[in-house]
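What follows is a short report on a single structure.
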């Protein structure tokens, strides 16, 4: 009797594949998109720098003048007791959050919104930053860390600077046990066995001489969950 393949086991939602969000400190977003953010500025003070298991970059606890506490991603060279600002009239300074339309060309930014008020979606991992390239009417052209250029609405907000924690991947992992604990901290399964290395009863791609999958890699869109493996809904098949 074969075993359930990974896609079937993941669908059950057991603790093996569940994110350990109870260990995470907080969700990290910009301040709510209120009138202060749109027309004025809110000042705050860095209270503490903390580590969160759910994020690769360190977090900074900010206490704003309106007695509101919030977590932000800590940029490089930020310190406890530093002052930061958030809003349309904030200064162009490391750690400050303001609309991209008010940020000069060539400035490095991170935690970039895709829609005004969504809290930030792009450049949220350690050591990352994007660059403001030019202004195109109601849109701003930015360059992502992958060198891809993307248009963003001018009203979207971003934080100035580069995310702290660069060089996180420079240290070698050395042992499989270290990798196991790193993956488990994020709710990931490790190690994962390749389907072509299994027996035929354990995976649709199992058996065969050498590493060749026994069935085509593009399953039908009507295939059952146990057969939903490989390139799902491939854009094209056959020779070019």
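Results, tabulated for the structure shown:
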| item | result |
| --- | --- |
| Counted residues, segment 189-220 - those being touching a residue at least 60 places away in the same chain (Cβ under 8 Å), in a loop (DSSP other than H, G, I, E, B) and surrounded by 15 or more Cβ atoms within 10 Å (Cβ to Cβ) | 3 |
| Answer from 97, 14 - the residue that is under 29 Å from residue 186 (Cα atoms) and without any contact (Cβ under 8 Å) to a residue 12 or more places away in the chain | 14 |
| Selection count, segment 24-37, where residues are farther than 29 Å from residue 185 by Cβ and either in contact with a strand residue (DSSP E or B) (Cβ under 8 Å, 6 or more places away or on another chain) or not in a helix (DSSP H, G or I) (or both) | 5 |
| Any hit, segment 154-167, residues being surrounded by fewer than 16 Cβ atoms within 10 Å (Cβ to Cβ) and either in contact with a strand residue (DSSP E or B) (Cβ under 7 Å, 6 or more places away or on another chain) or within 21 Å of residue 24 (Cβ to Cβ) (or both) | no |
| Complete set of residues in segment 70-110 that are assigned to a loop (DSSP other than H, G, I, E, B), farther than 18 Å from residue 42 by Cα and within 20 Å of the chain's Cα centre (by Cα) | 76 |
| Condition check for residue 229: touching a residue at least 40 places away in the same chain (Cβ under 8 Å), surrounded by 10 or more Cβ atoms within 10 Å (Cβ to Cβ) and under 29 Å from the mean Cα position of the chain (by Cα) | yes |
| All positions within segment 1-14 that are closer than 20 Å to residue 230 by Cα and either touching a strand residue (DSSP E or B) at 6+ places or on another chain (Cβ under 9 Å) or assigned to a loop (DSSP other than H, G, I, E, B) (or both) | 2, 3, 4, 5 |
| Of the criteria (1) outside any loop (DSSP other than H, G, I, E, B); (2) touching a helix residue (DSSP H, G or I) at 6+ places or on another chain (Cβ under 8 Å), which one residue 17 fails | (1) |
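Bear in mind these aren't lab numbers, they're just calculated from the coordinates by the rules spelled out. Given the structure is predicted, the values throughout are model-derived calculations rather than measurements. A quick note on method: Cβ atoms are made from the backbone with ideal geometry, for glycine too, and the neighbour counts reach across all protein chains shown.
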